Structure formats: structure tokens, C-alpha cells
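Below is one structure, written out as C-alpha cells; the observations come after it.
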Amino acid sequence: MTAVPELILTRTVADLREQVAALRNAGKRIGFVPTMGALHEGHLALAAEARRRSDAVVGSVFVNPTQFAAHEDLGTYPRQEARDAELLAGAGCSILFAPDAAEMYPNGFATSVQVGGPSEGLETDFRPHFFSGVAVVVAKLLNQVQADVAVFGEKDYQQLMVVRRMARDLDIPTEIVGAPTVRDTHGLALSSRNAYLSAEELTVARRLNVILREAADRAAAGEPVETVEMAAAGALIESGFAKVDYVAIRYSETLAPFSGAVDASARILAAAWLGKTRLIDNMAVTA
Ligand code: PAF
């Protein structure tokens, strides 16, 4: 039997700071993995990456209301804190920070964080509130934890680029590391929202990564970017997706629209709907 290491649960910023200070005083390098809970293998891979890069890992679970629009799934977003705590402990985390909304956004909270550059277009065209919500909560979490390194998944590729830009622009000293997307045996990117999919939808969902890979290969073989993007959107609809928000080939660092022949700096990103579930995925074009 493997012993599960002890996980310290903190709910307040003051307590978190005390716990992190104790680790620092003991000479530990601190890693951080922010999450909204409903953890799966993808999150555990982030924790493992943080563990490789540090001596002690803080995981956070906070379903951040500011990144949901009124019509989105804040109320139904899966919540399973006890299971998440066990999984984080098993993945070698030392501290779980699980604040409530009042701790993160006390009465009178009046600050926003707007990131330009990589936040423009793609997700923002369809979820205009999203990156300001992510930026404010991640800025707070990075300041609260003050880790040496924080790990974010490439699954949310635009988010990773936005967080990296924000940390750079605001001189937040935590190193921002991206970890590769974890996929199921059919290549479907793991996501907490996959739990919403029916068995039939799951079969269709598994076409997303295949269609993106085919599109990326066609772009890499020299087909014009716009033709490839449109063909991939059509293929998604033919496969059973109800709506495609975007399929786009972008520069991987800036996320600006790609022009000319694709090379190693190109990334293909997509968002599409299956029933009430919105799935996103992305990959390097010349992988
Ligand atoms: O990717 C997520 O789970 C969230 O957007 C994050 C980074 C934890 C901020 O709430």
C-alpha cells in the first residue's frame, strides 16, 4: 500500500501565507497549480510537473465566478472538493488552498485586470468576459501563493499565453510553465466539462482532435490557411458538432492571425459545441 502524504487545507489568504512561509523558511522551492476542481488526469499531470520543478506544491481549487457570464455553467460546474483533496495529496501536493468567493472577492472589491495582446480574438470573440475574470483571479492567486513556479495546461492555450503575458507585464516573479495536454486513448483532450457529454456526444467529441490534426497536416503541406480553417469547420459540423465558434491557425506566441506558409510557430485552435457543451482544443501545426 502506498502512503498518501498529508495535505494541509487552507481557506484564508492569511493561513495560506503562514503555511507557505513555513515551507520557505525550511528552504523549500514552491510550485503552484491553480484549478477550478473536478480534477482529472490532466490536472494531476500539472501537479506532477509542478512537483518536478519544486520541493512543495500548492494546489488551489476555486470555481471563479468572474470568469463565467450570467448564462454560463457556474451553478452546475462540477464540485467535488473531498475527492479533489485526495487526488492532490496523491499527486504529492502539500497544501490545498480552497477559499470561498467572499475570501477572494470581499465586499467592495473593485479591481479589474485587462490583458491585451494574446487575449484578443478566439475565446474573447465568444466569451468577452472570460480573460478579465481569469486575469484578475490568477493575478490574485499568484500574489497570494508567491510560488517560484506555476504550471498551466496547454489545453487552455490562449489562457496560458494570456497568463504568461500578464505575469510578464505586471512583473509577477513566478515562472509560468505550460504543460502538454493530456488526452484519452482516442486523443480527446481531458476536460472537467467532458463529464457533461452523453455516450453519443463523446464519440463525436473524439473527432475534434482528429480533424484538427488533419487540418494541421494540410496546412503544413502548403494548403492556404483560410481554406484549411474553413474545411476543418465544415468537417466538424459533418461529424456531428452543432456549432463551430472558430477553427484558427495563429502564431503560437502572440496568437495573431497567421499569414503565409506555416512553420513551427503556427498553432491550430478550435472551439465547437456539442449540445450544451463547448469543447476547445489546440495543437502545434508542425508537431
Ligand atoms: O484553467 C482553469 O482551471 C481556470 O481558468 C484557472 C486558471 C484556475 C483560473 O480560475
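Structure data summary
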| read-out | value |
| --- | --- |
| Surface accessible to a 1.4 Å probe, per residue, for the residues of the range 198-264, Å² | 52 Å² |
| Helix 130-145 vs. the chain, principal-axis angle (Cα, 0 to 90°, nearest 10) | 30 degrees |
| With Cα atoms, 0 to 90° folded angle of helix 225-239 axis to the chain main axis | 80 degrees |
| Solvent-accessible area per residue for the range 85-173 (1.4 angstrom probe, square angstrom) | 40 Å² |
| Tilt relative to the chain, helix 13-25 - C-alpha long axis, 0 to 90 degrees, to 10 | 80 degrees |
| Value of D in µm² per second that Stokes-Einstein yields for the chain, Kirkwood Rh from Cα pairs, at 25 °C (0.890 mPa s) | 124 µm²/s |
| Rounded if a/c under 1.5, otherwise prolate or oblate - the range 132-287, Cα gyration tensor axes | oblate |
| Restricting the range 1-70 to GluC sites (Glu not before Pro) in coil, as DSSP defines it, with at most 15 other Cβ within 10 Å | Glu6 |
| Within the accessible area of the chain (1.4 Å probe), percent carbon and sulfur | 53 percent |
| Estimated inter-spin distance, Glu86 and Glu226, nm [label 7 Å along Cα→Cβ] | 5.4 nm |
| Residues Glu253 and Arg29, FRET efficiency given R0 of 25 Å [Cβ-Cβ distance, rounded to 0.05] | 0.40 |
| Under 17 Å from the Glu120 label point (7 Å along Cα→beta-carbon), backbone N, the range 259-285 | 259 |
| The range 203-287: trypsin sites (Lys or Arg not before Pro) in DSSP loop, at most 12 other beta carbons within 10 Å | Lys276 |
| Long-range HN-HN contacts of Ala242 with modeled amide H, under 5 Å | Trp273, Leu274, Gly275 |
| Stretchable slack from Ala101 to Thr286, in nm (0.36 nm times residue separation minus alpha-carbon distance) | 62.4 nm |
| Prolate/oblate/rounded call for the range 162-225, Cα gyration tensor, a/c under 1.5 rounded | oblate |
| Pairwise Cα inverse-distance average, inverted: Kirkwood Rh of the range 1-110 (Å) | 14.8 Å |
| For the range 18-40 versus the range 49-119, the gap between their alpha-carbon centres in whole angstrom | 13 Å |
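The values are calculated or read from the model by the stated rules, or taken from the named source; none is laboratory data. Model, not experiment: these values are computed from the prediction. Cβ atoms come from the backbone with ideal geometry, glycine included; neighbour counts cover every protein chain shown. These area figures cover heavy atoms from the full protein model, side chains too; ligands, DNA and RNA do not enter into them. Shrake-Rupley method; radii C 1.70, N 1.55, O 1.52, S 1.80 Å.
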